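Worksheet: one structure, shown below.
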Amino acid sequence: MSEIEIYPVPKDLAAKAHMDAAGYEAARKAARETPDAYWSNAAKRLDWMTFPTKIKDVSFNKADFRIKWFEDGVLNVSANCIDRHLPARKDEVAIIWEGDEPTDSEHVTYGQLHDRVSRLSNVLKSSGVKKGDRVTIYMPMIPEAAYAMLACARIGAVHSVIFGGFSPDSIAGRIEDCQSTFVITANEGCRGGKRVPLKANVDKALEKVSVEKVLVLRHTDTATPMAEGRDIDWQTAVDAASPDCPPEPMGAEDPLFILYTSGSTGKPKGVLHTTGGYLLWASWTHEHVFDYRAGEVFWCTADVGWVTGHSYAVYGPLANAATTLFFEGIPNYPTVSRFWDVVDKHKVNIFYTAPTAIRALMKDGDDPVKSSSRASLRLLGTVGEPINPEAWRWYHEVVGNGKLPIVDTWWQTETGGILISPLPGATDLKPGSATKPLPGIELEIVDADGQVLEGVTEGNLCITDSWPGQMRTVYGDDARFFETYFSTYKGKYFTGDGCRRDEDGYYWITGRVDDVINVSGHRMGTAEVESALVLHHDVAEAAVVGFPHDIKGQGIYAYVTLNADVMPSEELRRALIAQVRNEIGPIAAPDVIQWAPALPKTRSGKIMRRILRKIAENEIGALGDTSTLADPSVVDDLVKNRAAAK
Ligand code: WT7
């Protein structure tokens, strides 16, 4: 890959950074050889009620499977993110909120954050929420979303945040799965000048499942119907509550949150993260990967509905007493300069976004970027999907004036925080590579049979040992947790990603190798989209695959076989797309539907997705061996009719 250029660490950065190249090598060695000592020392960055004496207790083997970190430690996440900063930073800004309209913004100091979170904690308590109860949060990207998460953490309730783009059915499914008893929402959210009917969606979800109480924030002026006896008005309740709520002492392994994510089979999984290890990982990685320094403004553009928003808009930055920026709007409203205008307005120092946003903005050229100064920016980051070198270079040259380092951070909902990434003061950059594993992350590339591949190679990415931020289980289903992640390659965590390692030991993530597709940095299970399609009474069968998409990275391509007496039509195509939007949410809507009189199957009836993927990618010459198909003529028909798909 000699055409890939190297961007060396700027010398002044190496001198000032939290970790330089020698520090990185030393930390990797220490974390590998003496993990207990290394992580016990790292744990001092948190404020513990009881400092842990047991550090790491892990086995990835079936017989004695367990993942425990800091087990006898006691702490509270909200106290770590708020109370401990009060003596020195009470009047410093914890959260900057930038609304959908450029005229709307708000600054929340650590002192105010303490008052608001404590009052809300008391509202939850007096409404009957107890330690260990599950609380569903369905909110726009506003400071109140962080208050809700931190209030749960303060009283020991387990939050389950649902992204505002998910449908009522998805909300109902998630409430049911974790038997949540309490919902926190807002009447509406605002995105790109449009309103998102959050409370109406919750009301619809609650026609299917029931909860005890719904706390409703009036975020916009639109009136919202309140259900007598069930719905509570946020402002009234908070105003009446006491601003004093001592943080609940929590065991390090007590659950902190559940976050649902799609897999290759079945319903979305409730990924469970616990208290001590998760917070340590979010805080450690936020400081080292972004080389965060006191007083800086940090902007992660992800919504709190995704893990990126959990770890790098809320928990990581607040644990480090940072100023975190919450943006409710979208990158192209009111203009395509919005991101850069916000950077100038709030003097953002570190900016972290997804490749899909960069690719979309790149389409509008350099001028909308160059109209801003961006003088405050010091570091750029990306997350969520592989970044193509062209987009990386544009981000570096145009947004970063050819000067700012870019940290391409690889991780997953399951990993709690970043695992593979450059450290700005330690790692030379190569556009398109997430570079090297962080201290404590032991990677292996294996072939389909689990054979470990050494040196320059390509295969499936596994992790051989635990790290503090690792997920602990699939909520309510330990067996599924083990089955999904630890049974493919014995004794190893399998990421589901393909990966290449180059001659410098740099890692290049090539994308998912399972039936999961990555749409605009969001994970979508093909099986979920298929189930939504076949719910339609005209559909006999459906198969969904990903295909390369200029902006989204991957798009959703659906092959649909209709019942014998049904004719394809534009109306039906629209109805199917609407069906998926309703069942899952707008993010799952297929980009292309191809009518398929039949699907390519093996003689045992298994759909051959490899072939469907190639047809969707228009790689007709590369269909490979079709001789094992029950009826090879099915493929000819799909190829012939591909052009008509839309
Ligand atoms: C999948 C995880 C982690 C927060 C956002 C997504 C892909 C993530 C990168 C990257 C290449 C990446 C992987 C991974 N991915 N970051 N820097 N380079 N691929 O979280 O929804 O749990 O998805 O996103 O395929 O497995 P997620």
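Readers should treat all values here as calculations from the given coordinates under stated rules, not as data from a laboratory. Keep in mind it's a predicted model, so treat the numbers as computed, not measured. Heads up, the Cβs are rebuilt from the backbone with ideal geometry, glycines too, and the neighbour counts pull from every protein chain shown.
Note on THR53/LYS29: beta-carbon distance plugged into 1/(1 + (r/R0)^6) with R0 of 25 Å gives a FRET efficiency of 0.55. Look at the alpha carbon pairs under 8 Å that are at least 6 residues apart: their mean separation over the length of the range 1-98 gives a relative contact order of 18 percent. Full extension of the chain between VAL534 and ALA448 yields a length gain of 27.8 nm, computed as 0.36 nm times the residue separation minus the alpha carbon distance. Here the dipole of the chain is about 420 debye; that uses its Cα centre as origin and unit charges on the Cβ of Lys and Arg (positive) and Asp and Glu (negative). In terms of Cα to Cα distance under 15 Å, which aspartates and glutamates are near enough to LYS130, apart from those fewer than 8 places away along the same chain? Cross-link targets: GLU212, GLU248, ASP254.
Charged side chains reduced to their Cβ positions (Lys and Arg at +1, Asp and Glu at -1) give the range 220-346 a dipole of some 520 debye around its Cα centre.
So what's the gap between the Cα centers of the range 89-115 and the range 551-617, to the nearest angstrom? That distance is 45 Å.
Subtracting the Cα-Cα distance of LYS204 and GLU228 from 0.36 nm times their residue separation leaves 7.1 nm of extension gain. Annotation note: GluC sites (Glu not before Pro) in the range 160-242 located in DSSP loop regions with a Cβ neighbour count of at most 15 within 10 Å are GLU207, GLU212, GLU228. Packing-based ranking of 79-86, 374-381, 8-15 yields 79-86, 374-381, 8-15, ordered from highest to lowest mean Cβ neighbour count within 10 Å. Exceeding 27 Å between C-alpha atoms, which entries from my cross-link table qualify? They are LYS56/LYS430; LYS194/LYS552; LYS552/LYS646; LYS90/LYS125; LYS131/LYS194. Over 27 Å Cα-Cα: LYS56/LYS430; LYS131/LYS194. Estimated from helices alone, the mean residue ellipticity of the chain at 222 nm is -8000 deg cm²/dmol (sum of -39500 (n - 2.57) over DSSP H runs with n ≥ 4, per residue). In the range 138-212, Cα pairs under 8 Å separated by at least six residues give a relative contact order of 36 percent.
For a modelled paramagnetic label at LYS16, 7 Å from Cα along Cα-to-Cβ, the residues of the range 274-307 in reach, with backbone nitrogen under 19 Å, are 286-299.
For the range 295-359, trypsin sites (Lys or Arg not before Pro) are listed when DSSP marks them as loop and at most 12 other Cβ atoms sit within 10 Å of their Cβ; the list is empty.
Remark: relative contact order (the chain) = 13 percent; criterion is Cα-Cα distance under 8 angstrom and separation of 6 or more residues. Within the straight-line cut-off of under 16 Å between alpha carbons, the lysines reachable from LYS62 are LYS490, LYS492, sequence neighbours fewer than 8 places apart in one chain being disregarded.
Straight-line cross-link reach from LYS370 at under 22 Å between alpha-carbon atoms covers these lysines, not counting any fewer than eight positions away in the same chain: LYS345, LYS347, LYS403.
Taking a ≥ b ≥ c as the square roots of the eigenvalues of the alpha carbon gyration tensor, the range 49-202 is oblate, as a/c is not under 1.5 and a/b does not beat b/c. Taking 0.36 nm per residue of separation and subtracting the current Cα-Cα distance, fully stretching the chain between ARG603 and ASP625 would add 6.5 nm. Using the Cβ-Cβ distance between ASN332 and THR457 with R0 set to 51 Å, the FRET efficiency from 1/(1 + (r/R0)^6) comes to roughly 0.80. A simple count of charges around TYR312, restricted to other residues whose Cβ falls under 13 Å of its Cβ and scoring Lys, Arg +1 and Asp, Glu -1, yields -2.
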